[in-house]
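Engineer: Structure provided below as structure tokens; questions to follow.
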Ligand code: SAM
Ligand code: SF4
Ligand code: F3S
């Protein structure tokens, strides 16, 4: 059973927030720079919620803020280098703004050895804390205000923390974290080391959050977890299909989720996808590689045949479903013919989009110690071929939408023209059409009549 704590009942954190709010000498504005995935984006909403509860307001421009917080990612080396580069740059900003406070948090800080590295190489940082202690941010922030050396905290038990204040980015779309951590230990991945063991939130807490969002006018929820298919393990309250069925009854118009692991994608979930009214016809199903031997060494616990079987069942249950994936090239020992198997799979499945990555060795993971690391020049050449094929397949797949109607949740003005708006259709694909600011946040039916790269275009249907 997971240990759940209630943030409003953490008296010490609450009194730290009160104390900070009343301090005469404290930062009055903040800016959070977020790297990484949706989990980090949602954590940043909670960090912003706590900062606002402590009396700070958001500075839209980073260099104007009194407190800058970097919420970091370490899933690949370039994510880590980008974050550290930006932290270093702020050292210069501080010359003009001597009272600037700098904080670093998120997955990178939780990496083994990183806290020591921060003290040694980034001594100008005021505060660094890992994902496991995010609920203690008020206490750590207060210490950083009082102490003149860097405050570092990374330890901590894997908890479920309920009731943290959140300052959500949008009213009509919201993230709901349904679980945290990961138990899968894919051999390339650092996430289990920096996000702790898998733990699910109680179903009633999730339903309560969804109901409050519905009442506040939310149109779409995105359920978050590293492997949502294993939601509920050890909880004894029901599994992910059951959670989806119950959320479907809440009545929020659109429900999405990510990420699903192919090994845990059950027939029952596939059947709920076909029957639940509000669960959108889209599925992110990372395959990583199209070669059985590589999949085995990645510790993914499925083979290509099982993956294709899941895809085929999803497509029969939800015709036209939008499928997306993640792919890694240059995993240790990947030979040309094995990479070719990945190309074959991409060609066969026909994804609406794919995130493609060059394998990046992460210290402490099993794959980092494997022999035959693939040279960068080989991986770069492979990823170019993979991207070219995916783009071609994507263009072909997009054609199935021509002449159909897509209900689009408008997210904003289009980047190309202020007379156009863009948003996502029910299948997850971007759609652009003539509109104005007053359409933002609404769900509008659009008749699709064209494809430009990976975006659909169309005309609003009169209702
Ligand atoms: N939990 C999800 C899953 O199982 O697919 C994804 C989590 S991870 C944050 C997102 C993607 O990053 C992975 O699907 C994988 O393709 C990629 N990734 C993770 N570790 C990587 C590494 N060391 N090098 C390159 N890509 C990596
Ligand atoms: Fe990483 Fe695998 Fe867990 Fe996804 S399922 S977070 S890829 S270890
Ligand atoms: Fe996400 Fe990066 Fe952490 S992808 S879970 S922010 S390592």
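The values are calculated or read from the model by the stated rules, or taken from the named source; none is laboratory data. Small disclaimer: the values here were computed from a predicted structure and weren't measured. Cβ coordinates were reconstructed from backbone atoms using ideal geometry, including for glycine residues, and neighbour counts include every protein chain displayed.
Engineer: So which strands (runs of 3 or more DSSP E) stay within segment 418-463 end to end and still have 1 or more residues that are touching a residue at least 60 places away in the same chain (Cβ under 8 Å) and within 27 Å of the chain's Cα centre (by Cα)?
Structural biologist: Numbers: elements: 420-424, 430-434, 443-452, 455-460.
Ranges flagged: 443-452.
Engineer: Please find, among 202, 171, the residue that is at pLDDT below 95 and either outside the structural domain of residue 41 (by TED's automatic domain parsing) or more than 9 Å from ligand 2 (Cβ to nearest atom) (or both).
Structural biologist: On inspection, the qualifying residue turns out to be 171.
Engineer: State all residues of segment 68-83 that are more than 16 Å from residue 122 (Cβ to Cβ) and at pLDDT 90 or above; if no residue qualifies, say none.
Structural biologist: Scanning segment 68-83 gives 73, 75, 76, 77, 78.
Engineer: Restricting attention to segment 366-382, does a residue exist that is crowded, with 18+ Cβ neighbours inside 10 Å, in contact with a strand residue (DSSP E or B) (Cβ under 6 Å, 6 or more places away or on another chain) and closer than 30 Å to residue 182 by Cβ?
Structural biologist: yes
Engineer: Go through segment 45-79 and count every residue that is surrounded by 16 or more Cβ atoms within 10 Å (Cβ to Cβ), in contact (Cβ under 8 Å) with a residue 60 or more places away in the chain and within 16 Å of ligand 3 (Cβ to nearest atom).
Structural biologist: The qualifying residues number 6.
Engineer: Another question, then. Which of the residues spanning segment 264-291 are in contact (Cβ under 8 Å) with a residue 40 or more places away in the chain and in a helix (DSSP H, G or I)?
Structural biologist: 267, 269, 270, 271, 273, 274 - these are the residues of segment 264-291 that are in contact (Cβ under 8 Å) with a residue 40 or more places away in the chain and in a helix (DSSP H, G or I).
Engineer: Going by the conditions given, is residue 307 within 14 Å of ligand 1 (Cβ to nearest atom), in a helix (DSSP H, G or I) and either over 22 Å from residue 453 (Cβ atoms) or modelled with pLDDT of 95 or more (or both)?
Structural biologist: yes
Engineer: While we're looking at this one, here's another question. Quickly run through segment 247-256 and pick out the residues that are within 23 Å of the chain's Cα centre (by Cα) and either closer than 13 Å to residue 317 by Cβ or free of Cβ contacts under 8 Å to residues at least 60 places away in the same chain (or both).
Structural biologist: Answer for segment 247-256, where residues must be within 23 Å of the chain's Cα centre (by Cα) and either closer than 13 Å to residue 317 by Cβ or free of Cβ contacts under 8 Å to residues at least 60 places away in the same chain (or both): 247, 248, 252, 255.
Engineer: Does segment 197-221 hold any residues that are within 16 Å of ligand 1 (Cβ to nearest atom) and in contact with a strand residue (DSSP E or B) (Cβ under 7 Å, 6 or more places away or on another chain), and which are they?
Structural biologist: Of the residues in segment 197-221, the ones within 16 Å of ligand 1 (Cβ to nearest atom) are 197-200.
198, 199, 200, listed by residue number.
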